[in-house]
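Have a look at the structure below, then the notes.
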């Protein structure tokens with residue numbers, strides 16, 4: 001993240017995308033629709049929220065750009081986000097991330113690996129975080145692939161923790177990546193270029 | 001458990017199908033970290049295809065083990 005100042009909107013770039021802090025004006029119909037989309041919400045392990053504009057604006061307002069970031073993902077040269085990444089800086093140098101690609105035309109385009117790769121650099125190199133982790137629905141096989149492809153380790157299975165919209169129970173998986181593991185992977189490999 | 005040749009053939013067919021390539025194009029050491037077409041959507045389709053083939057959902061532990069053609073063959077041989 002270039003010249004990040006705590007409390008101020010943030011921006012960072014990848015090869016194909018840029019990320020910037022979302023504000024109240026970003027609570028568009030498109031953004032709101034992601035929160036009511038069953039497939040999209042599977043990525044967060046949540047059922048559809050049924051939010052309106054007020055709920056969406058309230059959600060965005062919770063992110064302070066100090067310890068909580070809500071960054072829209074925008075293809076370069078565009079002003080319409082295709083998803084977002086949320087970052088939560090926790091105690092003991094541990095950070096949690098969630099990525100949602102709301103625009104399904106971008107599924108399978110490698111967005112998650114490219115965007116999270118940039119965020120990992122920010123968290124590990126920039127903020128010297130010790131660990132980054134994320135939680136995923138055990139039936140979200142695409143997301144699980146992305147964690148594994150990026151070197152995360154499945155550290156735990158919370159059995160039948162999630163209740164899917166169809167009434168079935170799903171396991172929740174916790175994936176973690178340590179700073180040293182990430183640094184070693186940066187030495188061994190070029191940044192991930194495989195599509196995700 | 002090692003896969004039998006028949007199981008490997010079945011695994012190759014299944015993986016080639018989800019990667020949308022011919023069986024002949026599939027490298028014998030195909031794996032999640034070295035096969036270009038094995039991306040997130042392919043992985044999703046692979047797990048679903050395995051579940052359809054086996055007629056049951058994969059438990060989480062088994063699903064997490066699927067990272068290579070060999071893993072698929074071993075699963076089908078169980």
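The values are calculated or read from the model by the stated rules, or taken from the named source; none is laboratory data. On a predicted model such as this, the values are computed, not experimentally measured, just so you know. Methodologically, a virtual Cβ is constructed for each residue, glycine included, from the backbone with ideal geometry; neighbour enumeration extends over all protein chains shown.
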_Being in contact with a strand residue (DSSP E or B) (Cβ under 9 Å, 6 or more places away or on another chain) and closer than 19 Å to residue A:185 by Cβ is the filter here; which residues of the range A:144-173 pass it?_
A:144, A:146, A:147, A:148, A:150, A:151, A:152, A:153, A:154, A:155
_Filter the range A:42-59 down to the residues that are crowded, with 19+ Cβ neighbours inside 10 Å and in contact with a strand residue (DSSP E or B) (Cβ under 9 Å, 6 or more places away or on another chain) and list them by number._
A:42, A:43, A:44, A:45
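If you scan the range A:1-15, which residues turn out to be surrounded by 13 or more Cβ atoms within 10 Å (Cβ to Cβ) and either out of contact with any strand residue (DSSP E or B) (no Cβ under 9 Å at 6 or more places or on another chain) or part of a loop (DSSP other than H, G, I, E, B) (or both)?
Kept after step one, since they are surrounded by 13 or more Cβ atoms within 10 Å (Cβ to Cβ), are these residues of the range A:1-15: A:1, A:4, A:9-14.
If the condition is that a residue be surrounded by 13 or more Cβ atoms within 10 Å (Cβ to Cβ) and either out of contact with any strand residue (DSSP E or B) (no Cβ under 9 Å at 6 or more places or on another chain) or part of a loop (DSSP other than H, G, I, E, B) (or both), then A:1, A:4, A:9, A:10, A:14 are the ones that fit.
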*Any hit, the range B:6-26, residues being modelled with pLDDT of 95 or more, within 19 Å of residue A:149 (Cβ to Cβ) and in contact with a strand residue (DSSP E or B) (Cβ under 6 Å, 6 or more places away or on another chain)*: no
*Just for the range B:44-66: of the residues that are within 10 Å of chain A (Cβ to nearest Cβ) and more than 22 Å from residue A:159 (Cβ to Cβ), which one is surrounded by the fewest Cβ atoms within 10 Å (Cβ to Cβ)?*
B:45
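Matching residues to (1) in contact with a strand residue (DSSP E or B) (Cβ under 6 Å, 6 or more places away or on another chain); (2) at negative phi; (3) at pLDDT 95 or above:
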{"position": "A:62", "(1), (2), (3)": "no, yes, yes"}
{"position": "A:79", "(1), (2), (3)": "no, yes, no"}
{"position": "A:86", "(1), (2), (3)": "yes, yes, yes"}
{"position": "A:92", "(1), (2), (3)": "no, no, yes"}
{"position": "A:95", "(1), (2), (3)": "yes, yes, yes"}
{"position": "A:100", "(1), (2), (3)": "yes, yes, no"}
{"position": "A:111", "(1), (2), (3)": "yes, yes, yes"}
*Out of (1) within 20 Å of residue A:111 (Cα to Cα); (2) assigned to a helix (DSSP H, G or I); (3) under 17 Å from the mean Cα position of the chain (by Cα), the odd one out for residue A:18 is which?*
(2)
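Just checking, which of A:102, A:110 is within 18 Å of residue B:44 (Cβ to Cβ), within 15 Å of the chain's Cα centre (by Cα) and more than 12 Å from chain B (Cβ to nearest Cβ)? Break it down into steps so the answer makes sense when it comes.
Values: A:110 fails: more than 12 Å from chain B (Cβ to nearest Cβ).
The match here is A:102.
Can you find a residue in the range A:119-126 that is within 12 Å of chain B (Cβ to nearest Cβ) and either surrounded by fewer than 22 Cβ atoms within 10 Å (Cβ to Cβ) or under 24 Å from residue B:50 (Cα atoms) (or both)? Working first, answer last.
Of the range A:119-126, the ones within 12 Å of chain B (Cβ to nearest Cβ) are none.
Within the range A:119-126 (the criterion being within 12 Å of chain B (Cβ to nearest Cβ) and either surrounded by fewer than 22 Cβ atoms within 10 Å (Cβ to Cβ) or under 24 Å from residue B:50 (Cα atoms) (or both)), the answer is no, since none of the residues qualifies.
Got a number for residues in the range B:28-43 being surrounded by fewer than 15 Cβ atoms within 10 Å (Cβ to Cβ) and under 16 Å from residue B:71 (Cβ atoms)?
So in the range B:28-43, the residues surrounded by fewer than 15 Cβ atoms within 10 Å (Cβ to Cβ) come out as B:28-29, B:31, B:33-34, B:36.
From what's left, under 16 Å from residue B:71 (Cβ atoms): B:28-29, B:31, B:33-34.
Count: 5.
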_For the list (1) at pLDDT 95 or above; (2) within 14 Å of chain B (Cβ to nearest Cβ); (3) surrounded by fewer than 21 Cβ atoms within 10 Å (Cβ to Cβ), I need the number of the one condition that residue A:193 fails._
(1)
*Candidate set: the range A:128-169, residues that are in a strand (DSSP E or B) and within 20 Å of residue B:68 (Cβ to Cβ); chosen: the one farthest from the other protein chains (Cβ to nearest Cβ)*: A:153
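To keep it simple, each residue is scored yes or no on (1) within 14 Å of chain B (Cβ to nearest Cβ); (2) within 21 Å of residue A:136 (Cα to Cα); (3) touching a residue at least 24 places away in the same chain (Cβ under 8 Å).
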position: A:10; (1), (2), (3): no, no, yes
position: A:20; (1), (2), (3): no, no, yes
position: A:43; (1), (2), (3): yes, yes, yes
position: A:72; (1), (2), (3): no, yes, yes
position: A:78; (1), (2), (3): no, no, no
position: A:85; (1), (2), (3): no, yes, yes
position: A:91; (1), (2), (3): no, yes, no
